[in-house]
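S.K.: Could you have a look at this structure, given as structure tokens, before my questions?
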Amino acid sequence: MMRPGLPLRRAQLIAPFGVGAMVTGPDGISVMTAGLDAWFRREDGGDDTASLDITEFKVDEWRLERYLGVAEFRLPPDYRDHRGPAVGAASNTSLTVPAVRFPQMHFCRNFKCLRLSQLPLHARGRKRCSYCAKGSLAQVPFVAVCPTGHAQDFPFKEWVHRSVSPSCRGVLRLRSTGGASLAAMVVDCDCGASRNMGGITDGGADQSYLSSNLANGEQYRCLGRTPWHGTEEEFGCGNPLKGSLRSASNVYYAVTRSSIYLPQSDDSAVEALLQLFDSHMGLSTVLRVLRDAGQVPDLATVRNTARADLDLFSDDALDAAIGVYFTGSGGVPKEDDSGPGEGETEFRRAEFSVLGSPQMHDELESRAISVKEYGDWMAEHFERIVLVDRLRETRALVGFERIVPETPARIEERKALLRRRGGGGEEDWLPAALVYGEGLFFVLREDRIAGWEMRESVMRRAELLQGQFLKAAKRRSLRERDLGARLPMLHTFAHLLINQLTFECGYSSASLRERLYVSPSPNPMAGVLIYTAAGDAEGTMGGLVRVGRPEYLTGIVAQALRGATWCSTDPVCMEVGSTSGQGPDSCNLAACHSCALVPETACEQFNRFLDRGLVVGSIDQPDVGFFADFG
């Protein structure tokens, strides 16, 4: 393992540079973030726990812990130099998040050599070619990955000889013929074999060009390598393998889950006790074991476990906290216990309920303003508008995917990638980052949206978008789901509002983020939270909440909808939306970069499922839009 010394923020170690991701440092060397088994280790590789205070990194998020089935979350360790005179015997110094050198295959920059050679995972710094001793080594730009998450060096020997098991032991060289395509890169062998790299990235997730066309009549399958665990072991995956540029965006998709912190009780003493139940090392372990076993302890048992800390609280408060801890979690589902997408919907239902009413807690402050103050038109379309002065979001890394995002894999399969198989690392925690910010919460009137959904023109347009998604799901092995009309309508409205807010509130579009609350009958939801996605421990400056006041927000919403009636690429954008799809996976109708797309960090759906027509109407069907009467 090695510490690359990369200038990464903690949040970047959740996404996009989490476990298994490749990142290029200032020296041009590409490294891969190591697995969780190697985190919280000393820079020198030591494992001295005497001065390690892990409680400093713990994050309490009771709902997300139960949803993902983990004991706790931890902030990625920040590096602190132990050599400073002010540090003394301070704890948690010299902690690193290690990385390994990947890809391991290098080529010599000397144009008279160009020889391919392999360096170990733990190699540090720049290296010179050991054969010609003149040229420096550079990492090859190619890797090979499979949909289950494995990664390995590109099989140059097998590729150039067109054989799964070549017998040739000749020297390989990688040269460029000067073109701009992959076909301009050529692999040569001393035996005379030669082959360009054209087409190595072709093919879908289940039938890759590399597996099918590396050799005639033979399938080259994934070896099941996990280099981010510091090992070159092969676990025999057997899935199709796909070649890729190491800088390609589909090489790594972080799978994250997030939660808006909700208080467990309105009583401050009970809330303090519940936080103690999660943070106290001995008490949290005992209570978690009892809860998993379905046993509720009595007051004496709990007090004897942590008497010094619990003597400050009354029996009534302790009894109430025990009741909430052991019975109050029934509304928090587990992701793997629900159908695809159902667990996330039910998990957000609690947020939808709490955010819709005023709150006053340390990490959640909000106030509702009567929709009538925003004017008659706003009151006809919105049921509630809530200004969230302070919120806390916890984002946890639960795994990653390659080639295709949103596969049907269960959460336990994704979590297994983060730790070494058979490595003995049984700690039940996941890395997480905290974001403090502010937001605006909108809830649409259910009676109005239910009637709108039943219109024949709306259903036809929703079916067109659903058809485009099903084609993409079949082509790319995505998880299928029923989109309906309210999801793309509410999603597009959120994007239009984010783009308009960037002109009003002082935040860039990359600093804002959407959180959708969508569910059809019988338990409908139709809400969206637009909040700051980047903030420090003190939160933000209040610019977003300020524009949520009636004297500002009504005009902002009207301007966002007015701008959506005409895109700079219309009528092409709107006409494409009325006949076929466009954008990522062709899963958008009337939505493009000129009108409705936002930075991917701001969108939950990879900029898919967007349609201005369902918001403000189309050229030939103006009444299909939910907000078509905004003028």
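The values are calculated or read from the model by the stated rules, or taken from the named source; none is laboratory data. Predicted, not measured: the structure shown is a model, and the values here were computed from it. We place every Cβ from the backbone using ideal geometry, glycine too, and count neighbours over all the protein chains shown. Side chains included, ligands, DNA and RNA excluded: accessible areas come from the protein's heavy atoms. Shrake-Rupley method; radii C 1.70, N 1.55, O 1.52, S 1.80 Å.
S.K.: For region 587-616, how many residues meet the condition of being assigned to a helix (DSSP H, G or I) and farther than 19 Å from Y253 by Cβ?
M.R.: 4
S.K.: If you check R3 against the conditions, is it at pLDDT below 80, basic (K, R) and touching a strand residue (DSSP E or B) at 6+ places or on another chain (Cβ under 6 Å)?
M.R.: Yes; evaluated as a whole, the condition is true for this residue.
S.K.: While we're looking at this one, here's another question. What are the residues in region 548-577 that are open to solvent by less than 50 Å² (accessible area, probe 1.4 Å) and not in a helix (DSSP H, G or I), if any?
M.R.: G548, C567, D570
S.K.: Could you please let me know if D188 is part of a loop (DSSP other than H, G, I, E, B) and either farther than 30 Å from R63 by Cβ or open to solvent by 40 Å² or more (accessible area, probe 1.4 Å) (or both)?
M.R.: no
S.K.: While we're on this one: Among the candidates S163, S136, S176, which residue alone is crowded, with 16+ Cβ neighbours inside 10 Å, in contact with a strand residue (DSSP E or B) (Cβ under 8 Å, 6 or more places away or on another chain) and modelled with pLDDT under 95?
M.R.: S163
S.K.: Could you tell me how many of the residues in region 442-462 are assigned to a strand (DSSP E or B) and touching an Asp or Glu at 6+ places or on another chain (Cβ under 8 Å)?
M.R.: Within region 442-462, residues that are assigned to a strand (DSSP E or B) and touching an Asp or Glu at 6+ places or on another chain (Cβ under 8 Å) number 2.
S.K.: So, one more: Take the residues of region 218-254 that are among the hydroxyl-bearing types (S, T, Y) and either in contact with a strand residue (DSSP E or B) (Cβ under 7 Å, 6 or more places away or on another chain) or in contact (Cβ under 8 Å) with a residue 24 or more places away in the chain (or both): which is surrounded by the most Cβ atoms within 10 Å (Cβ to Cβ)?
M.R.: Y252
S.K.: Out of everything in region 275-288 that is touching a Leu at 6+ places or on another chain (Cβ under 8 Å) and either open to solvent by less than 10 Å² (accessible area, probe 1.4 Å) or touching a residue at least 40 places away in the same chain (Cβ under 8 Å) (or both), what residue ends up being nearest to V302 (Cα to Cα)?
M.R.: Top of the filtered list is L283.
S.K.: For region 401-420: of the residues being acidic (D, E) and surrounded by 19 or more Cβ atoms within 10 Å (Cβ to Cβ), which is nearest to V443 (Cα to Cα)?
M.R.: Among those residues, the one meeting the criterion is E406.
S.K.: Can you pull out the residues in region 106-125 that are of a type in the set (D, E, K, R) and modelled with pLDDT of 90 or more?
M.R.: R109, K112, R115, listed by residue number.
S.K.: While we're on this one: May I ask you to verify whether A526 is of a type in the set (A, V, I, L, M) and touching a strand residue (DSSP E or B) at 6+ places or on another chain (Cβ under 8 Å)?
M.R.: Spelling it out, A526 is indeed of a type in the set (A, V, I, L, M) and touching a strand residue (DSSP E or B) at 6+ places or on another chain (Cβ under 8 Å).
S.K.: One residue is enough: does region 257-274 have a residue meeting the conditions of a type in the set (A, V, I, L, M, F, W, C), in contact (Cβ under 8 Å) with a residue 60 or more places away in the chain, open to solvent by less than 30 Å² (accessible area, probe 1.4 Å) and not in a strand (DSSP E or B)?
M.R.: Within region 257-274, one or more residues are of a type in the set (A, V, I, L, M, F, W, C), in contact (Cβ under 8 Å) with a residue 60 or more places away in the chain, open to solvent by less than 30 Å² (accessible area, probe 1.4 Å) and not in a strand (DSSP E or B).
S.K.: Out of everything in region 592-631 that is under 24 Å from G451 (Cα atoms) and small (G, A, S), what residue ends up being farthest from the chain's Cα centre (by Cα)?
M.R.: Going through the qualifying residues, I end up with G631.
S.K.: Can you confirm whether S580 is over 27 Å from the mean Cα position of the chain (by Cα) and loosely packed, with under 14 Cβ neighbours inside 10 Å?
M.R.: Judged against the criteria, S580 is a match.
S.K.: Sticking with this structure for a sec: For region 303-313, state whether one or more residues are open to solvent by less than 60 Å² (accessible area, probe 1.4 Å), modelled with pLDDT under 80 and either touching a helix residue (DSSP H, G or I) at 6+ places or on another chain (Cβ under 9 Å) or within 21 Å of E56 (Cα to Cα) (or both).
M.R.: no
S.K.: Quick check on region 225-256: of everything there that is of a type in the set (A, V, I, L, M) and not in a strand (DSSP E or B), which residue is nearest to D202 (Cα to Cα)?
M.R.: Checking each candidate, the answer is L241.
S.K.: Mind checking whether some residue in region 79-95 is more than 30 Å from D278 (Cα to Cα) and in a strand (DSSP E or B)?
M.R.: Taking every residue of region 79-95 in turn, none turns out to be more than 30 Å from D278 (Cα to Cα) and in a strand (DSSP E or B).
S.K.: Taking V598 as the residue in question, decide whether it is crowded, with 24+ Cβ neighbours inside 10 Å and in contact (Cβ under 8 Å) with a residue 24 or more places away in the chain.
M.R.: When the stated conditions are applied, V598 does not pass them.
S.K.: Okay, next question. For region 99-139, give me each residue that is assigned to a strand (DSSP E or B) and within 30 Å of the chain's Cα centre (by Cα).
M.R.: A99, V100, R101, M105, Q139
S.K.: Of everything in region 40-61 that's surrounded by 12 or more Cβ atoms within 10 Å (Cβ to Cβ) and of a type in the set (A, V, I, L, M, F, W, C), which residue is modelled with the lowest pLDDT?
M.R.: The qualifying residue modelled with the lowest pLDDT is L52.
S.K.: Which of the residues belonging to region 62-76 are in a loop (DSSP other than H, G, I, E, B) and modelled with pLDDT of 90 or more?
M.R.: Answer for region 62-76, where residues must be in a loop (DSSP other than H, G, I, E, B) and modelled with pLDDT of 90 or more: L75, P76.
Matching residues to (1) out of contact with any Asp or Glu (no Cβ under 6 Å at 6 or more places or on another chain); (2) within 22 Å of G356 (Cβ to Cβ); (3) in contact (Cβ under 8 Å) with a residue 40 or more places away in the chain; (4) surrounded by 19 or more Cβ atoms within 10 Å (Cβ to Cβ):
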{"position": "Q468", "(1), (2), (3), (4)": "yes, no, yes, yes"}
{"position": "L483", "(1), (2), (3), (4)": "yes, no, yes, yes"}
{"position": "A494", "(1), (2), (3), (4)": "no, yes, no, yes"}
{"position": "Q500", "(1), (2), (3), (4)": "yes, no, yes, yes"}
{"position": "R515", "(1), (2), (3), (4)": "yes, yes, yes, yes"}
{"position": "P524", "(1), (2), (3), (4)": "no, yes, yes, no"}
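S.K.: Going by what's in this entry, would R612 be described as touching a Ser or Thr at 6+ places or on another chain (Cβ under 9 Å) and of a type in the set (K, R)?
M.R.: Yes: the conditions hold for R612.
S.K.: Being open to solvent by 10 Å² or more (accessible area, probe 1.4 Å), more than 10 Å from the chain's Cα centre (by Cα) and either among the basic types (K, R) or closer than 23 Å to A433 by Cβ (or both) is the filter here, so list the residues in region 383-400 that pass it.
M.R.: Correct list: R384, D389, R390, R392.
S.K.: Okay, next question. Looking at (1) crowded, with 22+ Cβ neighbours inside 10 Å; (2) assigned to a loop (DSSP other than H, G, I, E, B); (3) in contact (Cβ under 8 Å) with a residue 40 or more places away in the chain; (4) among the aliphatic types (A, V, I, L, M), which is the only condition I619 fails?
M.R.: Of everything listed in (1) crowded, with 22+ Cβ neighbours inside 10 Å; (2) assigned to a loop (DSSP other than H, G, I, E, B); (3) in contact (Cβ under 8 Å) with a residue 40 or more places away in the chain; (4) among the aliphatic types (A, V, I, L, M), I619 misses just condition (1).
S.K.: Still on this structure, I have one more. Between residues in region 568-583 that are closer than 19 Å to F609 by Cβ and residues that are polar (S, T, N, Q) and open to solvent by less than 50 Å² (accessible area, probe 1.4 Å), which pairs lie under 6 Å by C-beta distance while being six or more apart or on different chains?
M.R.: The qualifying pairs are M574/S618; V576/Q582; S578/S618; G581/Q468; Q582/N588.
S.K.: Do we find that F630 is part of a loop (DSSP other than H, G, I, E, B), closer than 29 Å to F441 by Cβ and at pLDDT below 90 in this structure?
M.R.: Yes; evaluated as a whole, the condition is true for this residue.
S.K.: Further, regarding this structure: Considering only residues that are free of Cβ contacts under 8 Å to residues at least 40 places away in the same chain, open to solvent by 50 Å² or more (accessible area, probe 1.4 Å) and not in a strand (DSSP E or B), which ones fall in region 363-382?
M.R.: S370, K372, D376
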